[in-house]
Each structure stands twice: as structure tokens, then as C-alpha cells.
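The values are calculated or read from the model by the stated rules, or taken from the named source; none is laboratory data. Every value quoted in this text rests on a predicted model; they were computed, and no experiment measured them. FYI the Cβ positions are ideal-geometry reconstructions off the backbone, even for glycines, and counts take in every protein chain you see. Each accessible area value is taken on the protein alone, full model and side chains, heavy atoms only, with ligands, DNA and RNA left out. Shrake-Rupley method; radii C 1.70, N 1.55, O 1.52, S 1.80 Å.
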4 protein chains.
Amino acid sequence: MYERLISQLAHVELLTPSPEESLRFFTDVFGLEESGRDDGSVYLRCWGDFFFHSVQLTEAAEPAVGHIGWRTAGPDQLELVVERLEKAGVGEGWIEPQPGQGSAFRYRGPGGHLHEVFWEVERYEAPPEKRSAFPARPQTPTARGVGPRQLDHVTVMTRDPYGDSEWYRDTLGYRFMEYTVLDENPDLVVFSMVTTNEKSHDLGLIADFTDVPGRLHHLAFWVDAVEDVLRAADVLMEAGTHIEFGPGRHGMGEQTYLYFREPGGLRLEVNSGGYRNYQPDWQPVKWRPSQGSNTMYRNLSMPDSMLDAFPAAAPSPEVEAPAVNPWAQGAVH
Amino acid sequence: MYERLISQLAHVELLTPSPEESLRFFTDVFGLEESGRDDGSVYLRCWGDFFFHSVQLTEAAEPAVGHIGWRTAGPDQLELVVERLEKAGVGEGWIEPQPGQGSAFRYRGPGGHLHEVFWEVERYEAPPEKRSAFPARPQTPTARGVGPRQLDHVTVMTRDPYGDSEWYRDTLGYRFMEYTVLDENPDLVVFSMVTTNEKSHDLGLIADFTDVPGRLHHLAFWVDAVEDVLRAADVLMEAGTHIEFGPGRHGMGEQTYLYFREPGGLRLEVNSGGYRNYQPDWQPVKWRPSQGSNTMYRNLSMPDSMLDAFPAAAPSPEVEAPAVNPWAQGAVH
Amino acid sequence: MYERLISQLAHVELLTPSPEESLRFFTDVFGLEESGRDDGSVYLRCWGDFFFHSVQLTEAAEPAVGHIGWRTAGPDQLELVVERLEKAGVGEGWIEPQPGQGSAFRYRGPGGHLHEVFWEVERYEAPPEKRSAFPARPQTPTARGVGPRQLDHVTVMTRDPYGDSEWYRDTLGYRFMEYTVLDENPDLVVFSMVTTNEKSHDLGLIADFTDVPGRLHHLAFWVDAVEDVLRAADVLMEAGTHIEFGPGRHGMGEQTYLYFREPGGLRLEVNSGGYRNYQPDWQPVKWRPSQGSNTMYRNLSMPDSMLDAFPAAAPSPEVEAPAVNPWAQGAVH
Amino acid sequence: MYERLISQLAHVELLTPSPEESLRFFTDVFGLEESGRDDGSVYLRCWGDFFFHSVQLTEAAEPAVGHIGWRTAGPDQLELVVERLEKAGVGEGWIEPQPGQGSAFRYRGPGGHLHEVFWEVERYEAPPEKRSAFPARPQTPTARGVGPRQLDHVTVMTRDPYGDSEWYRDTLGYRFMEYTVLDENPDLVVFSMVTTNEKSHDLGLIADFTDVPGRLHHLAFWVDAVEDVLRAADVLMEAGTHIEFGPGRHGMGEQTYLYFREPGGLRLEVNSGGYRNYQPDWQPVKWRPSQGSNTMYRNLSMPDSMLDAFPAAAPSPEVEAPAVNPWAQGAVH
């Protein structure tokens, strides 16, 4: 029986070696709102994010992802999820309530990333001067910088994107939507997407050919319209931020993308558009890069810098990486 | 325990006294695709609808809604839903498999509308010349007329929108998102919205002050971008179709709307945009028309014709309708 | 021989009884840039305006237009224009160089408005921190508030829009593009548009039924895309600014409009879109309001407040105004 | 004295070795309207083009441009233009009235292309079923395929883009807006743009390193909004037409571009957006490719195929072409 166990991606903890510069970028240029601070972390949210925070920015030696937080579909589903995670042998135990949330259960995903699941959340309450004319909005839109509406998805590196996708589907009820195999090696899955919502993914999985587990590829934010992605590119360029890739359109998920780096080195994405798919029994669709899985217009290569993941790591001597770099053919999403 | 029982609005049967003119409009001007016919009905779908059909067009004496079809979240959820409907005393029994779907269970909603729930569906298979460059699309976009992407929602008339919304929430797991009370009578709920997905509604409920149950207000279709709503308005006007209301923006749901009539007399909507909300425990938000519940820019009245519902009916002598017409203040969605 | 004598609308002086509130609105909410001040005036420009200023804000007892400044197509054309204006008996003489411009010749237009023509201009030079990544832009886009790109047009009140349009065409080489007559009185021209560029108008003319000459209807600014007009509406609403009319689409000129008031009381417009027409021998097109001259979707009335012009004035006892208010039928642009 | 002598680019004659396939593409997929035929040519126009035709499609052995037609700003300006062209020694004499136009004077531009100038035009008259709801439109929008609104610009190959731009400015009153020099050779101008209107160019000039004069790079058409460029990409891809380059954004002119080939081999562009500049004394702006002259986001290379011009030709042994291919760095527009 298909069950919806997770209701949404709630927040992601980002590690940055340049916490002050990162914070200034996230608030002034990217246009997030600060919710609060404690020792070592600043809590941020988009204007349309309903909870206390969607980004936790924490100082660290290297750019990386700290942990990924998911809200379950209810308190009973939290129990069920914990049961399944323990049965799968990946549980790391409960943690105390943290800023913005009640007790959470932490687990290590198959790619080595630290995740947490929880039900209780603290909702953001806007002060009078930020109350929106739309009573269903948590606050007025941020008129500063890019001003994305909400957190959208996180894309991580892992040894086996296809196997992981099956694991997220079978263990936690994610839907497995689409994946990419190489044109020259149809057995090698280099990217796949799983989702808890109507979009193609709130968790992206990219093949990692290093021995370092738990690496991050990018964190993505949503804007209401494709025009807003183009406006974001303009805002970023005029602020002196290099656009790494895009604006363009992914074939997988049909989303319009724009990638760039924050000062700590991490890659961020602004995206919009994409399909709405409601089928619980959706069968994952296979793409090849030549079909436009990454760049739908099939007329450009992804820049090599898009291969970088965080923290940086050397190729594994024990893994057979593709002879031809798959990313140069546009497989990453 | 919150459970997702329904996965999506799958199709709506529309009754038309002008079947030929309606069909020509739906295919040539509105840009739907014909899937098949049987005695009395033509089956239609949008290019992005995955199933055999999303609209069933049936000849009848008056414009009205025939039935409304919902796909459950799985086979087990179908059983659970049937159990609950029977317990609620609204079941009308199973019907044989129909074009595009397996056995369905029919029930009468609190507003008197005929609904059906089912799990098994027939998926549309595009012939080679309609296969899309995007393998996750069911076919190429329809380049003819408006060409909406998919069915979006149905809005019906009922005596008690608030009570019905609670019923859909408690009986079938819909989320109750937003509702409107009159500025001059905060006890009178004139519109409310429930949803099975991330948008504000796939089922809208408008207060009916007549004695005729089961009436339809409009059927809505989705386009990818707000610009496409404006393009739809242009296409319709140039085809000689009067625009009844819009393009404009609803405060409730934040969607951009455009209303018009098909030749049988029924009201259709093209919409895009709107928020994405994933909270299972969302508490319904109350609006007043003066806040822009209907027309967010708060500077225009909905035309009186938007009061029409189908079939036409006289006000009930036994219902106390508001002294001031609520719709003239823009309460309908 | 058709000649292009005027190259563009360069600036408009606005009079406001609330100079501080107006200035704060123009800079903080509307997103203009301050260029400088002298006694009684603040000089403002949009980020994409190339000259020293496009708006001069001057304190006065009542909201009104001070003067309207046009740049000629060259120094020779300035001589020719002055010659023609003197021959037409409307010249008021040369004035000394002013902030941002060289000597200008002032004249009184047929509606009683004070205009000036000049050739020499001072160009805005961005400081290093505002230099754009696009070397052909005068500065980076203003990321604050609405942030329109450039001044677009001015619309004034006058006794005889049609006659004035002929005067501007014959005396100064404007093109006469479109006009509106009433459905019930095809001899009464209530609105007309003349232009020095490819759009429908940089000077709009509305029939005035009072005895006060030289009144203003609105001043309009340009944004790059229709989506930006919608974004402007959102920004204004969230800043507590009432939207007077729109967003909507004019039939005349095909532009998307949005009207609101600044704190001094004057009406401003944000617009985008519209046709590009390059025919020197274009014959003016006649519209009736019922065709959608004002609101192309033909399903809403312009609010009565849109009748206000500045300064306020009573209807003239000597002018026969239309029995039915033409503006309520949507004739103004 | 600056004078506006040319009012607009009126039509371009395209030569195609596959006239039937080209015609089918131009009408069915690209969405132009056929105006008429004579021996060897089919006359086409966009729905928003006001004259009899904007494209003349003529059978030939190789893909190439036949001639380029410009309408003058008036009959007197036609005389003046002819005088200047004869004085410049490039006149080829008058030709008889042709379909859609009166007598025209032909001349050979500095790049070896055949141009003609004329004043008298035949305007397209829509049959009743194609009359638009907008009386200022020549007809209803074409609902078939891409359906561009109007001809936008032509870009040709020439030995000396900078010198040619000066020639068009000094001889015919075009404005010289922007040009690109190589980063590694600031004396080599590889692209420049001149215009008769408010946009950056209706005539683009690309450095040709062959000995074949009069070659074509592409012909460009206009759509109202950037979203329409994205829609065009979707329509073309779904019709099996390869997208050669884009959608993307040029730094020069700020326009959003999309390049592809018609079946005869010629390159077409769909574009939208871009600035509006009205300064007669504009000084041309110099760009380097590294600034984003071609691809403003500075993160991708133009594909080598974009070097192709028509007819195909070998590099000249006598011209020193840049050691590094400038186009691979994105210099072309």
C-alpha cells in the first residue's frame, strides 16, 4: 500500500568556511530573511517558507551539507518512519527539540548524508510591518535581491543513484520519477530524482565517483515564474555574482534552472516551472543525455565546474568512472 | 491520523444541450484532444493529461455536470474510501468499468453532486507522430487554440460550503485551505476551497441560494505560465469568444484566472500560478471579499453573470439569501 | 514631407502638495533614483533613463503638472521646431539652461499645458558601484520597490483631443495613432494618442469637460515585461498602495496597464507590452469603448475615480458633457 | 543634421534550394501567412506585418539572401536616399513596381548585398474571417506553430563591420549602436549593429573571413514576450526542428534569442525583449566577448555551427582570420 509518509523538505543545514560573507550574500543579494541565531548557526528562511527556518547556516572548515530535515505527513507517520529506518539499520537516534522544531529522529541516508525527520514545527509569525495583504502568506515578499519564494529541493552525490531512489521509495514512500543513463553506457545511472510532492524531485541524486560520502551538489530555491528566474540572473550578474550554468531548461522535470555559487563555495539554484504529476504508481522514466535530460535544447554542454561537489574530493581509485565525463554531456540536473 | 486517500481529480462529465458546437469549441478553439466516443459521449483530454480522458462530453437537455471522477491514492485507499462513504450513508454502489477506468464506486456529495472514486485507469498512449521530445510527457503539446496542459479543478454550488469542506476533510482526507465570509455577515460562508494536492483547491464550493442540488459553477484547466493565460484570452477573443471575467488574480490561492463560456452554456476557466502548500495540518484561512479574496487588486466587481450556475435555477423561497449580492463584491472564486 | 522633429519625451515636472511623502514614495516604494536637488525641486530618474532626470518633483499647493520636456531630434530640428511654434503663436520664449539640460524653448500646448523643447542634455554618469554589467545601460537596475526602467508617456486633459492630435502632427511631426469616439455619440472624441516613437503614444489626450486648462491625467513608466507589471502590483499592494485600475490590457496600443496614486495625489501608471509600428503615413484608427478601446477584455468598467484629473476642477457649465459618463464605459487610456 | 531617412526594414528575399520544404516549414511550423505567388517566388508575412509581404521565398541553387528591402521615411526621403546612394557610387538603378510595392531603387551595400529602397507599399487587407478584434492589427494572430508577430532584423556577413556601420550611418542615417572587438585583438571588430528604430539593430554585420561577398547570417522575427521565445523553442523541438543556439540572452541589445535552421539550410532567429533607445546622438558602445556581448550569462560557448553563413564559402587565403575563432567565444549576435 502506497503511503505518503513525508510531507515536505523542511530545511537544510549548509556548512560554510566564510560564514559572514555567506550570510551577507544570503540576506542582501539572495534575499532571504534571518529568523534567529545561536552559537555557530544563523537560521534563515524565504519569505514564503512557513516554518521558522528553511536554511541553517553553520561555520565549518569546508563547504558541505550539515543535515537535511524532512517533515513527516503526521505524528503517526513519524512513528512509522522511525520504525522503518530502524528496521533498515540506518537510524542514529532521537535528538532534542531544536530551534523551530520538536524532537527529530536522525538517520544516515544510503549516500552517507545525515537526514532528520520530525513532525512538530514552529511556524513563523510575521511582525505587523511584514504582514501580507494575502492572509495565506506567511509574510510580505522580500523586495531585496533575488527574493525566492521557498526552498525547493536538495541534490546530493551518491554512489548509486538508482539504488538509492529505490531505497527512498521503498523505505520512506518517495516517488521515483526519472533517471538518466549514459548514451554510451546504458547501465550506468548518473542521475535520478525522487519526490514527496507533485514536482519531479525534492531530492536529487548524482553519481559520485569519489570515496567521500555525504557530499552536496546544490540546494535549490523556487520562484513563482520563469521570468523571475531571468530576473534573478540579472540581479545576480549586476551584483557581481558569476552565473555558473543557465538560465536554461532541464528536460527532466521541465524546470527552468539557474546555478551559481555563494561565497562559502556552495552551489545554489533558482528554479521555476516544471510539471505537476499526481500518480502514485508513476513508473520512472529513463532519459539519455542526448535526449536533453539536462539541457533540453540539446545545444550546449554543462560547464566542467558543474562537476564540483562539496566538500571537494578526488576520484576514487576503486571506482570505474565513465571514460567520457558524463556531466560534460549534460546529465546532471 | 491524516491520510492521503485521493490522488487526483481525474475527469469531469459535462452535460451540454449543444453537443456538436461544444465539441467543436473544445477541440478547435480550446484545443483539447479527442480520445474516443461512445453512444452519447465524446471523451476528451488535455495534451498533458495522462489518462484516457479528463472531460466526458455528454448530450443533455440542460448544461450541467454529470459526474466528477477522482482517482484514489492506491487500491487499499479505494477500499478505505468506499468504507467511509458507506458509513457516511452517501454510497450509491459500484459501477462497471467505463472507458478509461476500472470499476468505480459512486457517491452523492453533500451538495448533491454525483462523484465516483476508482483506482484503475487506462493511460493514454500517443501514436508515433504525437510522441513528445520529453519522454515524461504523454504527448506533444497541442499547438491548436488555447491548448491547456491539464485539468485543474471543478467548482460546484452547495448549500453549506463550510460544512461541506469539513465533510470532505473528515471523510475523504481533503485539506481545507481557505474560505470567504461576507464583510457584512461574518457568519455566512459563501465560498470555500478543499484540495487533494499542493494548490489551494481541486474542489471549490460556492454557496447556493436555490433549491436545486448538484449544480456546477465552472470547470478549470491549467496552463504553465501566467503569460499563457493572457495568450488564452487573446486566442479566445480573436475566435469571437466573450471573456466573462478576467484575466485577473484571485487573492485566495493566488491564481491568475480567466472565465468564459463554451457553446453549451457552461463556464470554463483557464488558470495558472498560485501557491504550493504542503502542510497536512494547515488551518483554513478566513477571507472577506474586501481583502481581495476574489479579485486581489480590490478595484473591480465581478460581473453579475458570474452568479449563473448550471442548470439555471430560481432563488429558494426558504433560504435567506444575503440582502446585498455577495458575488457583486467579488466573493466567488 | 514627414520629418522626425522630436526624439523623445525627456522629463515631466510634477507638482505635489506633499513633497516629502511623495519623494519617499518615489524613491523607496516606486524605486526611482535621486539625481540632485535645488530650491523647491528634487530631480529623479529611472535606472534606465539616460539623462540627468526624467521626473522633477516640485512642491506646490495642488497636485498638477509643472511642465513637460521634449528633446528634439537634433540641433537643427530644435531651430525648426521653435520656428513653427512661434509661427503657431504659442511660443513663450527661451529659458536659461536648467539642471540636466541646455537652453530650452517653452510653449503652451493647445490644452494649456506648458511644454519645453531642447536639444542639449546632460547624461547621467553612474558611480563605480552602480556601473552595469551591460555597458549600454546607464546603471544597474534599481533592486528596490517597483524599479521601472524608463519614463514612458504623459497623458493630459484637453478640450479637443482630436484637434490637438492634428496640431501635434502638423506642427511638430508627432504621429497620430488611435482615438476613441463614444458608442452613442460618434462625433465626440474622448481620447486620442500621438507619438514620437514606435509605441502608440508618448502623449495621451483625454477630453476635459471643465474650464481649467493644463490638467494632468497620469504619468506612465515602462517595465520590460508584462510579468513585471504584475510584480509591480504585488509590490505596491504589499506596501499598502491601493491599485486604482488594473492590471489589465488596453485595446488601444495593446499595452498592459496598472494605475495607482502617489501620496501627493497624482496618478501614476506602470505599463509594458504594446505594438511596434513604424509607418510614417499611419492613418489614425478609430475605436469605440465597446470594442475594448480601454479594457480589451470588455468585461469590466473603469472605476469612477479614474475620472479625476489634476488639479481637481468642476464640470464647466458651458461645455456639454456626455449624458452618460464615457469613462464608466472604459474610454480612457 | 541627423535625419531619419529609412522608416523600416520591410522585407527580405530568401533563396532556398528546397522551396517546397521551406514553404511548408515557413507556413506550417513557423506560422507565417502566404500572401501570393508568382513564378519562382512565394510571398509570406507574419500576422502582424502590415505590408503585402515581409519574406519572399525564391528557389535557387544555394541558400542565400536575394535582396533586402527598406521603406524610406517618406517620398522626399526616397529622393534624398537615391541621391546619396548615387553619389556614393553604389546605385544599381530603379526597378519596376513589384508585388506589394512601387518603384524601388536598388543598390549594393558595402558588404556586397543587394538592397532596395522604396516608399510606396501595398498594405495587407484581411478577409472578414481574419479581421482582428484589435482594429489596429492587420489580422488575427496566427494560431499555428510559432506564429511570430513581425519581421525584426537581418544579419549579414561583411569584411568590415565597423566601417560598414559608419557608412550606413553617414550615407543613410542609420544609428550605430554597439560593436564587439576581440578580447585578444581590440582592433578587430567582429560584429556591429546599426538601426533605423528604437532597438539595437535591424541590420547586423558580422566579420566575414572569406572572399564571397553578400552572404547572409540569419533573418530574425519578433514575438511579443520572452515567454513566447520559450514557447517557440518548445514548438520547434516538438516539431523535430533542432535548436541551433539558445534560448539565451545577448548582452548587446539585451534581446532574448533562439536560432534554428529552415529546410533550405538558412538560419532563422526568434527574439523578443531588448532595450528602447531614442538618442539620435548615441555613441556606439564597445563590447568584448568576455563581457557577454553574445551570451550575457558568460557561461557557454556559441556552437561552431553558428559560424556558417550562406552561401557556404572557404576562408580567404588573403584575409588574416583570428587565430582563435572569435565565434567560439560568443561574439556573434
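Please determine, by comparing only the residues of the stretch C:1-20 that are within 14 Å of another protein chain (Cβ to nearest Cβ) and charged (D, E, K, R), which one is surrounded by the most Cβ atoms within 10 Å (Cβ to Cβ). Working first, answer last.
Here is the first cut: in the stretch C:1-20, the ones within 14 Å of another protein chain (Cβ to nearest Cβ) are C:1-11.
Okay, now just the ones that are also charged (D, E, K, R), so C:3-4.
Working: C:GLU3: 18, C:ARG4: 23.
Taking the candidates together, the pick is C:ARG4.
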Task: Positions within the stretch D:226-235 being touching a strand residue (DSSP E or B) at 6+ places or on another chain (Cβ under 6 Å) and touching a residue at least 60 places away in the same chain (Cβ under 8 Å), in sequence order - done: D:ALA232
Open item on the list: Can you list the strands (runs of 3 or more DSSP E) lying wholly within the stretch D:232-332 that have 2 or more residues being more than 19 Å from D:VAL190 (Cβ to Cβ)?
Closed with: D:243-249, D:255-261, D:267-273
Open item on the list: I'd like to verify a number: residues in the stretch B:30-51 that are over 18 Å from the mean Cα position of the chain (by Cα) and either surrounded by fewer than 21 Cβ atoms within 10 Å (Cβ to Cβ) or farther than 17 Å from B:LEU268 by Cα (or both), how many?
Closed with: 9
Open item on the list: Which count do you get for residues in the stretch B:57-82 that are surrounded by 21 or more Cβ atoms within 10 Å (Cβ to Cβ) and assigned to a loop (DSSP other than H, G, I, E, B)?
Closed with: 2
Task: Of the criteria (1) open to solvent by 20 Å² or more (accessible area, probe 1.4 Å); (2) away from chain B (no Cβ under 14 Å); (3) in contact with a Gly (Cβ under 6 Å, 6 or more places away or on another chain), which one A:TYR257 fails - done: (1)
TODO: Working only within the stretch D:1-56, note down all residues that are of a type in the set (A, V, I, L, M, F, W, C), closer than 30 Å to D:ARG175 by Cβ, touching a Gly at 6+ places or on another chain (Cβ under 9 Å) and assigned to a strand (DSSP E or B).
DONE: D:ILE6, D:LEU9, D:ALA10, D:VAL12, D:LEU14, D:LEU15, D:PHE51
Open item on the list: Whether any residue in the stretch D:128-143 is assigned to a strand (DSSP E or B) and touching a residue at least 60 places away in the same chain (Cβ under 8 Å) is what I want to check.
Closed with: no
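Of the residues that sit in the stretch D:158-182 and are part of a helix (DSSP H, G or I) and small (Gly, Ala, Ser), which one is farthest from the chain's Cα centre (by Cα)?
At the first step, the residues of the stretch D:158-182 found to be part of a helix (DSSP H, G or I) are D:161-172.
Filter once more, keeping what is small (Gly, Ala, Ser): D:163, D:165.
Details: D:GLY163: 19, D:SER165: 15 Å.
So the residue we want is D:GLY163.
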Open item on the list: If the requirement is being of a type outside the set (Val, Ile, Thr), crowded, with 21+ Cβ neighbours inside 10 Å and more than 13 Å from the chain's Cα centre (by Cα), which of these qualifies: B:GLY246, B:GLY204?
Closed with: B:GLY246
Open item on the list: With the requirement that a residue be in a loop (DSSP other than H, G, I, E, B) and open to solvent by 20 Å² or more (accessible area, probe 1.4 Å), what does the stretch B:95-111 give you?
Closed with: B:GLU96, B:PRO97, B:PRO99, B:SER103, B:PRO110
Task: Sole exception among (1) in contact with a Phe, Trp or Tyr (Cβ under 9 Å, 6 or more places away or on another chain); (2) under 26 Å from B:GLU62 (Cβ atoms); (3) open to solvent by 10 Å² or more (accessible area, probe 1.4 Å) for B:PHE209, by number - done: (1)
Task: Test: residue in the stretch A:86-94 that is in contact with a helix residue (DSSP H, G or I) (Cβ under 8 Å, 6 or more places away or on another chain) and assigned to a helix (DSSP H, G or I) - done: no
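Which residue is farthest from the chain's Cα centre (by Cα), if the candidates are limited to the stretch B:183-199 and must be hydrophobic (A, V, I, L, M, F, W, C) and open to solvent by 10 Å² or more (accessible area, probe 1.4 Å)? Steps first, please.
Looking only at the stretch B:183-199, we keep the residues that are hydrophobic (A, V, I, L, M, F, W, C), and these are B:188-191, B:193-194.
Checking which are open to solvent by 10 Å² or more (accessible area, probe 1.4 Å) leaves us with B:188-189.
Details: B:LEU188: 23, B:VAL189: 19 Å.
Here the answer is B:LEU188.
Among the residues in the stretch C:256-268, are any hydroxyl-bearing (Ser, Thr, Tyr), at pLDDT 95 or above and farther than 18 Å from C:MET237 by Cα?
Restricting attention to the stretch C:256-268, the residues satisfying the condition of being hydroxyl-bearing (Ser, Thr, Tyr) are C:256-257, C:259.
After this cut, where a residue has to be at pLDDT 95 or above as well, the list is C:256-257, C:259.
Subsequent filtering for residues that are farther than 18 Å from C:MET237 by Cα retains none.
No, because not a single residue in the stretch C:256-268 is hydroxyl-bearing (Ser, Thr, Tyr), at pLDDT 95 or above and farther than 18 Å from C:MET237 by Cα.
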TODO: Please find, within the stretch A:119-157, the residue that is farthest from the other protein chains (Cβ to nearest Cβ) out of those that are farther than 30 Å from A:PRO311 by Cβ and of a type in the set (A, V, I, L, M, F, W, C).
DONE: A:ALA126
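Hey, can you tell me all the residues within the stretch D:198-226 that are among the aromatic types (Phe, Trp, Tyr) and over 30 Å from B:ASP228 (Cβ atoms)?
Listed by number, the list holds a single entry, D:PHE209.
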Open item on the list: Is it the case, given these coordinates, that B:TYR168 is open to solvent by less than 10 Å² (accessible area, probe 1.4 Å), without any contact (Cβ under 8 Å) to a residue 24 or more places away in the chain and away from every other protein chain (no Cβ under 14 Å)?
Closed with: no
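Of all residues in the stretch D:284-323 being polar (S, T, N, Q), open to solvent by less than 50 Å² (accessible area, probe 1.4 Å) and under 28 Å from D:ASP211 (Cβ atoms), which is farthest from the other protein chains (Cβ to nearest Cβ)? Walk me through it before giving the result.
The first filter runs over the stretch D:284-323 and keeps only residues polar (S, T, N, Q), leaving D:290-291, D:293-295, D:299, D:301, D:305, D:316.
Then keep just the ones that are open to solvent by less than 50 Å² (accessible area, probe 1.4 Å); that gives D:291, D:293-295, D:299, D:305, D:316.
Those left that are additionally under 28 Å from D:ASP211 (Cβ atoms): D:293-294, D:305, D:316.
Numbers: D:SER293: 9, D:ASN294: 13, D:SER305: 9, D:SER316: 28 Å.
Within the stretch D:284-323, the match that is farthest from the other protein chains (Cβ to nearest Cβ) is D:SER316.
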Open item on the list: So C:VAL90 passes all but one of these: (1) within 14 Å of chain D (Cβ to nearest Cβ); (2) more than 19 Å from the chain's Cα centre (by Cα). Which condition number does it fail?
Closed with: (1)
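One line per residue, one yes/no per condition, for (1) within 14 Å of chain D (Cβ to nearest Cβ); (2) farther than 30 Å from C:ARG71 by Cβ; (3) in contact (Cβ under 8 Å) with a residue 60 or more places away in the chain:
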| residue | (1), (2), (3) |
| --- | --- |
| C:GLU184 | no, yes, yes |
| C:LYS199 | yes, no, yes |
| C:PHE209 | no, yes, yes |
| C:HIS217 | no, no, yes |
| C:ASP224 | yes, no, yes |
| C:GLY240 | no, yes, no |
| C:PRO263 | no, no, yes |
| C:GLY274 | yes, no, yes |
Task: Failed item in (1) surrounded by fewer than 22 Cβ atoms within 10 Å (Cβ to Cβ); (2) under 24 Å from C:GLN279 (Cα atoms); (3) not small (Gly, Ala, Ser), with D:LEU23 passing the rest - done: (2)
